[in-house]
Amino acid sequence: MKNKSIAILASYVTYKELYSNGDYKNSYQILAEFIRYIVSLNKLYAFSIGELKRIMESEFCFYLPEAVVKSALKKADFITYDADGNYSVIVEKVNTNGVLNQYKDLAEQNGTEILELLISYVQDERHCVLDNKEKRELTREFIAYLVDESNGNVYSELISSFIVKNAENSKVTTYLNSVREGGILYTGLNYNIVELGSIKNDLTLYLDMEVLFDIYGYNGEVFQQLSIDLINLIRDANVKTKKIHLRYFEETKRDIDLFFARAEEIVKGKMLLKDNVAMKAITNGCTDLTDVSDRKADFYYKLQYGYGIREDERQSYYEESDYIANLEGTFSDEEKKDPDVEKGIRLISHINKLRNNEVYYEYTQSKYILITETWKTQECSIKMAEKIGDEIGSEKRIAGYAISMNMMTNILWYKLNKGFGAKNFPENVNSVLKAKIVLSNFVTQNVAKSFNKYKEDYRSGKLDEKQLAARLLALRKKAMKPEEITVDNLDDNLNFDSNYLGRFEEECELQKAKIHENESQIEDYRSEIEKLKNIIEAETILKGKEKVENENILVKKDEEIHKQSIELEKYRSEEKQRKSRKIFCKKIFVFIWKILVRIFILLIVGFISYKIAKYVKADAANTVAIVVTVLGIFVGGIDVVKNVYKDVFIEN
């Protein structure tokens with residue numbers, strides 16, 4: 001039975017090898033080679049689209065839209081088709097040369113070996129034997145990790161460590177990079193990117209705070225280089241006509257301003273510096289508040305005039321016209337308890353409002369996209385896109401509302417047709433680089449958690465000043481930038497065990513020379529600890545202020561929504577009144593018209609009666625009879641008026 005996991009990896013590698021070593025002009029020609037292989041292997045002489053798709057899914061684990069498969073069939077010179085969608089094979093033109101099969105067999109063999117190496121590594125690190133279920137989960141996470149569907153979950157740290165420790169193993173790194181490169185090519189097909197070469201429609205990318213920090217360089221060289229790759233692709237797309245625009249939401253600006261405000265508190269000595277890479281970059285070298293203000297001004301200036309990134313021009317996303325496109329009510333209150341999730345939901349809702357609630361299938365045609373490195377926001381986007389896809393019964397993958405910077409880079413690289421001919425992939429396909437990025441995020445998060453834990457332990461008396469200083473110094477020595485992580489320091493960087501960190505204090509006691517080297521740093525920490533005594537209360541007050549500010553923001557938002565609800569109800573009431581007045585006026589007109597018609601008839605009857613009496617020279621008795629008859633008609637007319645009134649105003 002085919003190992004599905006190995007087949008997925010092998011398919012990506014085979015795709016990449018055909019791309020690199022064949023004379024192909026586009027991805028559809030490569031896909032046609034896979035179809036040629038299927039036709040030959042399965043001895044197909046005729047088939048339908050549905051049948052071909054099922055075989056491709058079984059053999060290569062390619063899950064492609066029908067339109068993509070049809071486009072690839074048009075590139076196959078060994079296939080004919082009729083108007084009814086029936087495809088026939090020209091047997092003498094199939095001519096398989098076995099190259100794809102060779103690539104595929106070699107890729108499956110290498111994939112099996114590397115998966116065995118990974119499983120063995122994980123078992124050694126965990127000191128246990130994985131059962132079949134755990135092996136399947138590890139393999140599933142490994143594949144998702146390589147093709148950027150996620151950064152892993154349970155095994156994220158171990159997968160990344162495995163890749164870094166095998167950085168010098170060319171067989172492993174070449175294979176993993178080939179999987180990632182094939183994944184980019186597959187992404188272009190799977191995301192409905194049909195027309196290549198240029199961006200034809202306006203596209204606005206909204207960047208979150210971390211992406212903006214990446215571009216400016218606050219998060220280190222690696223992140224800056226990856227972000228500049230995206231900026232350069234955008235510039236290429238805008239050479240002839242500016243089609244791609246860069247913006248950030250008002251909420252993002254508030255986050256940035258708050259970040260710089262915290263930097264000012266650190267410089268003033270009212271807050272301790274946690275080991276945050278961007279915060280270090282901002283505060284290091286600052287002697288007073290004006291230095292921080294200058295850096296903040298430089299940051300915004302460089303974004304606008306260096307990269308063309310501006311704040312969103314739109315003032316509000318809660319107008320009456322936005323009501324139908326609001327996605328915030330789609331998620332449960334339980335989901336929105338997490339502040340990161342609540343914020344992510346709010347931002348993807350903004351994107352949907354900008355799109356006027358329209359559904360798109362290709363990212364470069366979707367008009368507005370949020371670029372974020374926050375995985376929770378990306379998950380909300382995926383969930384929302386899948387839900388809408390299910391509701392409308394779409395076979396094609398719907399373009400989400402938020403994607404990562406790397407995914408946007410890959411999509412633009414594919415869309416601008418940067419691969420065929422140039423053969424150069426984006427830098428983010430480097431598997432070792434990705435592993436270092438994942439590990440740096442892991443280290444950063446755990447340093448922050450450990451910092452808070454040791455601070456609380458000091459507050460509660462579990463640690464004295466000397467112990468706290470030693471532990472903080474140990475945390476400061478962690479490599480938090482991707483470029484700082486190496487095979488040599490990997491194990492130390494990933495070890496956050498309290499006993500391990502506590503040993504740093506013992507080592508300092510035993511190694512006097514090392515203590516002397518770190519004496520100034522230890523003194524700095526002791527100084528910070530003295531400050532800590534004074535600022536614990538200040539931090540508590542600051543947190544209280546932040547809480548009040550957040551509550552005020554929520555209250556303001558609720559008031560705005562309530563105000564919009566009142567205005568909407570008022571609008572509906574006025575609309576109802578306008579309709580009522582219109583109907584009433586129409587009834588008056590109908591009533592008068594019907595009465596006038598009946599009066600006219602009475603006048604005609606009276607006139608005719610008068611003429612008859614005059615013509616026949618009726619005597620007095622006949623004249624009286626005629627008059628009485630007319631009076632009777634008049635009295636009847638009153639009843640007619642009543643009936644008309646009832647018909648127009650009461651029954652209708």
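The values are calculated or read from the model by the stated rules, or taken from the named source; none is laboratory data. As the structure is a prediction and not an experimental result, all values here were calculated from the model. Virtual Cβ from ideal backbone geometry, glycine too; neighbours counted across all protein chains shown. Remember, those area values only see protein heavy atoms, side chains included, never the ligands or the DNA or RNA. Shrake-Rupley method; radii C 1.70, N 1.55, O 1.52, S 1.80 Å.
Worth a mention:
- In segment 453-471, the residues that are within 24 Å of LEU439 (Cβ to Cβ) and under 36 Å from the mean Cα position of the chain (by Cα): LYS453, TYR454
- Flag for LYS434 being at pLDDT below 85 and crowded, with 17+ Cβ neighbours inside 10 Å: no
- Of the criteria (1) open to solvent by 50 Å² or more (accessible area, probe 1.4 Å); (2) part of a helix (DSSP H, G or I); (3) hydrophobic (A, V, I, L, M, F, W, C), which one LEU196 fails: (2)
- The residue of segment 382-396 that is modelled with the highest pLDDT, among those that are small (Gly, Ala, Ser) and surrounded by 16 or more Cβ atoms within 10 Å (Cβ to Cβ), is ALA385.
- Within the option set GLU108, GLU51, GLU57, being closer than 21 Å to TYR12 by Cβ, free of Cβ contacts under 8 Å to residues at least 12 places away in the same chain and of a type outside the set (Lys, Arg) holds for one residue only, GLU57.
- Here ASP497, ASP491 are screened, and the one residue that is open to solvent by 60 Å² or more (accessible area, probe 1.4 Å) and modelled with pLDDT under 80 is ASP497.
- Boolean, LEU64 is modelled with pLDDT of 90 or more, within 33 Å of the chain's Cα centre (by Cα) and either closer than 28 Å to ILE193 by Cα or not basic (Lys, Arg) (or both): no
- The set of residues from segment 88-98 being surrounded by fewer than 19 Cβ atoms within 10 Å (Cβ to Cβ) and at pLDDT 85 or above comprises SER88, ILE90, VAL91, GLU92, LYS93, VAL94.
- Residues in segment 419-429 that are buried (at least 17 other Cβ atoms within 10 Å of the Cβ) and either modelled with pLDDT of 85 or more or within 24 Å of the chain's Cα centre (by Cα) (or both): 4 in all.
- Selection status of ASP148, assigned to a loop (DSSP other than H, G, I, E, B) and either in contact with a helix residue (DSSP H, G or I) (Cβ under 9 Å, 6 or more places away or on another chain) or modelled with pLDDT of 90 or more (or both): yes
- Residue match in segment 448-465 (condition: in contact (Cβ under 8 Å) with a residue 12 or more places away in the chain, under 30 Å from ILE30 (Cα atoms) and surrounded by fewer than 19 Cβ atoms within 10 Å (Cβ to Cβ)): no
- Filtered by the rule that a residue be more than 19 Å from LEU189 (Cα to Cα), of a type in the set (Phe, Trp, Tyr) and loosely packed, with under 13 Cβ neighbours inside 10 Å, segment 34-87 gives a lone residue, TYR45.
- Among (1) under 32 Å from the mean Cα position of the chain (by Cα); (2) open to solvent by less than 50 Å² (accessible area, probe 1.4 Å) - the single one GLY22 does not satisfy: (1)
- Between GLN29, GLN102, the distinction of being in contact (Cβ under 8 Å) with a residue 12 or more places away in the chain, more than 30 Å from SER160 (Cβ to Cβ) and not small (Gly, Ala, Ser) belongs to GLN29 only.
- The lone criterion from (1) hydroxyl-bearing (Ser, Thr, Tyr); (2) buried (at least 19 other Cβ atoms within 10 Å of the Cβ); (3) at pLDDT 95 or above left unmet by THR204 is number (2).
- Condition check for TYR81 on (1) in contact (Cβ under 8 Å) with a residue 12 or more places away in the chain; (2) over 28 Å from VAL429 (Cβ atoms): one failure, at (1).
- Qualifying positions in segment 220-229 - touching a residue at least 12 places away in the same chain (Cβ under 8 Å) and either of a type in the set (A, V, I, L, M, F, W, C) or in a helix (DSSP H, G or I) (or both): GLU221, VAL222, PHE223, GLN225, LEU226, SER227, ILE228, ASP229
- Test: residue in segment 56-70 that is of a type outside the set (Val, Ile, Thr), in contact with a Gly (Cβ under 7 Å, 6 or more places away or on another chain) and within 25 Å of ARG397 (Cα to Cα): no
- Of all residues in segment 119-134, those that are more than 16 Å from SER5 (Cβ to Cβ) have Cβ atoms under 9 Å from Cβ atoms of residues that are outside any helix (DSSP H, G or I) and among the hydrophobic types (A, V, I, L, M, F, W, C), 6 or more apart or on another chain, in GLN123/VAL129; GLN123/LEU130.
- Among the residues listed as ILE282, ILE231, the single one being under 21 Å from the mean Cα position of the chain (by Cα) and of a type in the set (A, V, I, L, M, F, W, C): ILE231
- Residue in segment 230-253 that is closer than 30 Å to LEU472 by Cα and either surrounded by fewer than 14 Cβ atoms within 10 Å (Cβ to Cβ) or without any contact (Cβ under 8 Å) to a residue 40 or more places away in the chain (or both) present: no
- For segment 151-180, the set of residues classified as over 30 Å from ALA402 (Cα atoms), touching a residue at least 40 places away in the same chain (Cβ under 8 Å), open to solvent by 20 Å² or more (accessible area, probe 1.4 Å) and not in a loop (DSSP other than H, G, I, E, B) consists of LYS165, LYS171, listed by residue number.
- A search for C-beta distances below 8 Å between a residue of segment 552-565 that is closer than 17 Å to ASP322 by Cβ and at pLDDT below 70 and any residue that is open to solvent by less than 90 Å² (accessible area, probe 1.4 Å) and part of a helix (DSSP H, G or I), counting only pairs 6+ apart in sequence or on different chains, returns GLN564/GLU320.
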